[in-house]
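I have placed the structure first, in the form of structure tokens, so that the comments after it can refer back to it.
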Amino acid sequence: MSIPGLGSEATFEDNLKSVSILQGSEWRIEVPFKQILKFKVTEGILEINGTELPNNVELQLTGTKCSIYSPKQESKIEYHLVQNHDMSMYEDDEFTEYTSSETNMDSVLNLHMYIESKRQVAADHNVSNEEPILGPRVMILGGKQSGRTTLAKTLVSYAVKMNQCPILVNLNPQDGVFALPGSISATAINDSLDVESCNGYGLTTTTTGGNALSKQPIVKNYGFTGINENLELYKYQISQLGITVISRLEQDATCRDSGVIVDTPPLGIKDFAVIESIISDFRVDLIVVLGNEKLTIDLKKKLSHKSNLQIVKINKSPGVVEVSDKFIRMSQETTIREYFNGNYKTRLSPFKTDIDATGLQIYKGVKDSVSLSFLPAGDDFEHDDKDNDLSKYYSAIDPSSSNVDNSIIAVTHLQSSTPGKGVLNSSILGYIHVSKFDDEKKKLKVLLPFPGVFPRNVMISTDIGYNE
């Protein structure tokens, strides 16, 4: 018998297994959080969401539902399962796997080649003309569990293989894409995504201090995971992110030719106002609808006046599976844990400390259904006429009268003592975790990504809870 975490490693299956994946087929796997799938490619060429896997190198996956695709030839994998000691307390599903030849990868590849042709047109034009044009700006639409994010990752990964540097935009605050849940982000992708990290993206410079393998995202804080919690705030942050992305395209020639891939939350025709905002803010010229013919037809009718906008539909993958709310929440917690602690490849050293709450400027997003008159005492936001519209987005809070325990707080770039609407426009510098507010000492017990002097910047308390 061994103490958990020490001694021999308990395995679910001691014997190494192997699986063959025919050309054009997928090995579809669902790995629970309580287990780790350790595997290596022994023959052929395999990829996850467009990212090619190295041969004869052991890889690890946990808490994921994905497909491993064989694009060119029959390929083989060897694998076994071990217990994930960090997540052994969770009761979730069991490991499942099967192979299938029914995929939509031919359609995805055709779509990629079409987008690549638009990049080439932009690049050729920009070489010989003083007035540059932007590369393709692609928005992916679909309902829940339609494969939007999988398609976005695949298109970005295929673009990188063509020496492109597209900007990946995530507008689904439920996910943490080079950021934490509750945020939206835009990241220039110039190398492979890290399929072993939580959600399959990779670490960021926020926590790694400029590691060459990390990405440098532009992050806007929304503070909620559902877009309807404060739809006006969500649309405002989309517009601010859009300004940043278009500016980057105009200034960076590589990104300009490569264009943008926009991943969205589940949206239908009832969300047309949001769809229209995204099209306008990111100057979208190609909409890809996944598996919804009715939505495709409705959009073509409503957007018929936009002559430069194309709308195409492709079938969603037959391998798409339903994801429970519990699984989503566990993924969010894993994303937060990885942000502060890293993963098995990159160990980080978070720093616990107490910070004086006196003088801190903390704001919190206002839910559409909540009137400011119902906020706790001390949460009144004093504003003058020029800032009177900020109250529908944020209210200033006092940690002593607001429950900030076990929550994630975003630290903005803003240092102004009177931020005004600057709190809306600022990007995110990083995140801290508040475990408790000590009312007697007036101090916050916080976890920082790395040691150092805590920046006295304006902060935004999110609706994202987390227990260490």
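The values are calculated or read from the model by the stated rules, or taken from the named source; none is laboratory data. Note that the structure is predicted; figures quoted are calculated from it, not measured. Every residue, glycine among them, receives a Cβ derived from its backbone with ideal geometry; neighbour counts consider all protein chains shown. Accessible surface is based on the protein model in full, side chains and every heavy atom, while ligands, DNA and RNA are left aside. Shrake-Rupley method; radii C 1.70, N 1.55, O 1.52, S 1.80 Å.
Which count do you get for residues in segment 164-184 that are outside any loop (DSSP other than H, G, I, E, B), more than 17 Å from residue 231 (Cα to Cα) and out of contact with any Cys (no Cβ under 7 Å at 6 or more places or on another chain)?
Final tally of qualifying residues: 2.
State all residues of segment 33-46 that are part of a strand (DSSP E or B) and either at pLDDT below 95 or open to solvent by 10 Å² or more (accessible area, probe 1.4 Å) (or both); if no residue qualifies, say none. Spell out the reasoning first.
So in segment 33-46, the residues part of a strand (DSSP E or B) come out as 35-43.
Within segment 33-46, 35, 36, 38, 40, 42, 43 meet the criteria.
If the Cβ limit is 6 Å and pairs must be 6+ apart or interchain, which residue in segment 228-247 that is open to solvent by 10 Å² or more (accessible area, probe 1.4 Å) pairs with which residue that is in a helix (DSSP H, G or I)?
That search, which allows pairs on different chains as well, returns 235/277; 239/281; 240/425.
Within segment 185-212, how many residues are at pLDDT 55 or above, part of a helix (DSSP H, G or I) and open to solvent by 30 Å² or more (accessible area, probe 1.4 Å)?
Total satisfying the criteria: 1.
In this structure, does residue 352 turn out to be outside any helix (DSSP H, G or I) and at pLDDT 90 or above? Quick ask: steps written out before the conclusion?
Numbers: outside any helix (DSSP H, G or I): yes; at pLDDT 90 or above: yes.
Considered against the rule, which asks whether it is outside any helix (DSSP H, G or I) and at pLDDT 90 or above, residue 352 comes out as yes.
Scan the strands (runs of 3 or more DSSP E) fully inside segment 390-453 and keep the ones with 1 or more residues being touching a residue at least 24 places away in the same chain (Cβ under 8 Å) and open to solvent by 20 Å² or more (accessible area, probe 1.4 Å).
Numbers: elements: 394-397, 407-412, 428-438, 443-448.
In segment 390-453, 394-397, 428-438, 443-448 are the strands (runs of 3 or more DSSP E) which contain 1 or more residues that are touching a residue at least 24 places away in the same chain (Cβ under 8 Å) and open to solvent by 20 Å² or more (accessible area, probe 1.4 Å).
How many residues, within segment 319-364, are exposed (fewer than 15 other Cβ atoms within 10 Å of the Cβ), under 22 Å from residue 68 (Cα atoms) and not aliphatic (A, V, I, L, M)?
Total satisfying the criteria: 4.
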